[in-house]
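Asks: Please find one structure pasted underneath; my questions will follow.
The values are calculated or read from the model by the stated rules, or taken from the named source; none is laboratory data. These numbers were taken from a predicted model, which means no experiment stands behind them. Don't worry about glycine lacking a Cβ; one is built from the backbone with ideal geometry, like all the others, and counts go over all protein chains shown.
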Ligand code: SF4
């Protein structure tokens, strides 16, 4: 199987998680609870962790949120990132109160001088900063020069800040370049990856509700990851952040960059289909979430063509006219009643899981 060659970047440590270098692509998300409601926020962080999120970002809009953040950090199962806009004092306080990283957009934080003050504090505490340049808050002179929020404009803005940080020897940095336009986002990250080796946080901002957000995220983030660009990602959805994590994992797994659960293959169905395959595939997808096996599992609509069409599957089920079959790499291993197909599949999965323990 062909593999993606990831462009080398500097490793950056965020709590116990490494982004960049040789580390696998890291999945992250952001809570949408009010940070001051520490119980609700912690509850959501735990849900994100259960779904496979490795880093969680929290909005810190005011002093009360910093206080809540300090309490939440003590009980969080994953390192937490403080997301700060407009008020740099909050970033300083978050760093002193357990943030594993801060994310700032220098364009709305007071510019270069404020950023350098933050970097000095971060350097003292050995904390990384993500420079999150956003198409919506680019500097006026850059917008004028590039005639809008183009990829080159996003990159120039980020480079200005990066070079200022490099002048004071602060390189504990990650970068994001976000636009809601997918192709602008792709072009910006491509351009940046040619210029610097800081780890890149991928995302398409303002991507929309579930369906359009998933598509924009998969196209934008997926295109970059397929080119070996990107060290961590957040899929932005106007939906539950837990969904963001599920989608992010699927994007990463679809490209073979990491394997979280068995990969499901299912046929598109046609006139030969002998079973309600749509429901069956959904049920199998749920079942597979409980297994950590690095295998491919197929759910196919007919026994005549199914095993052959899913020859790469380590394990598969398909329906015959009277009975169903279990197969492995195109060969039938068992025949069962249609009503027992799922139970038979679970038995085989359990056997494989027991062998891999
Ligand atoms: S496996 Fe069978 S039912 Fe599914 S698409 Fe192929 S021929 Fe049609």
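Asks: Considering only the range 62-82, I want to know if a residue exists there that is within 17 Å of the chain's Cα centre (by Cα) and not in a loop (DSSP other than H, G, I, E, B).
Replies: yes
Asks: Same structure, new question: Of the residues in the range 281-299, how many are surrounded by 22 or more Cβ atoms within 10 Å (Cβ to Cβ) and either within 11 Å of the ligand (Cβ to nearest atom) or farther than 12 Å from residue 316 by Cβ (or both)?
Replies: Looking only at that region, the number is 2.
Asks: Of all the residues that make up the range 139-155, how many are over 18 Å from residue 183 (Cβ atoms) and part of a helix (DSSP H, G or I)?
Replies: Total meeting the criteria: 6.
Asks: In addition: Please verify whether residue 324 is surrounded by 14 or more Cβ atoms within 10 Å (Cβ to Cβ), farther than 26 Å from residue 259 by Cβ, more than 12 Å from the ligand (Cβ to nearest atom) and not assigned by TED's automatic domain parsing to the domain that holds residue 246, treating the condition exactly as stated.
Replies: yes
Asks: Could you tell me which numbered condition residue 345 fails, if it satisfies all but one of (1) free of Cβ contacts under 8 Å to residues at least 24 places away in the same chain; (2) away from the ligand (no atom under 12 Å from the Cβ)?
Replies: Residue 345 satisfies all of (1) free of Cβ contacts under 8 Å to residues at least 24 places away in the same chain; (2) away from the ligand (no atom under 12 Å from the Cβ) except (1).
Asks: Still on this structure, I have one more. Could you check how many residues of the range 251-279 are touching a residue at least 24 places away in the same chain (Cβ under 8 Å) and away from the ligand (no atom under 16 Å from the Cβ)?
Replies: Total meeting the criteria: 12.
Asks: If only one of 247, 235 is away from the ligand (no atom under 16 Å from the Cβ) and part of a loop (DSSP other than H, G, I, E, B), which one is it?
Replies: Exactly one residue qualifies, and that residue is 235.
Asks: Since residue 302 meets every condition but one in (1) without any contact (Cβ under 8 Å) to a residue 40 or more places away in the chain; (2) away from the ligand (no atom under 16 Å from the Cβ), which condition does it not meet?
Replies: (2)
Asks: Please find, within the range 213-223, the residue that is nearest to residue 173 (Cα to Cα) out of those that are at pLDDT 95 or above and crowded, with 24+ Cβ neighbours inside 10 Å.
Replies: Result: 221.
Asks: Considering (1) within 16 Å of the ligand (Cβ to nearest atom); (2) under 32 Å from the mean Cα position of the chain (by Cα); (3) surrounded by fewer than 20 Cβ atoms within 10 Å (Cβ to Cβ), say which one residue 338 fails and leave the rest.
Replies: The failed condition is (2).
Asks: Is it fair to say residue 223 is assigned to a helix (DSSP H, G or I) and either farther than 26 Å from residue 315 by Cβ or in contact (Cβ under 8 Å) with a residue 60 or more places away in the chain (or both)?
Replies: Criteria met by residue 223.
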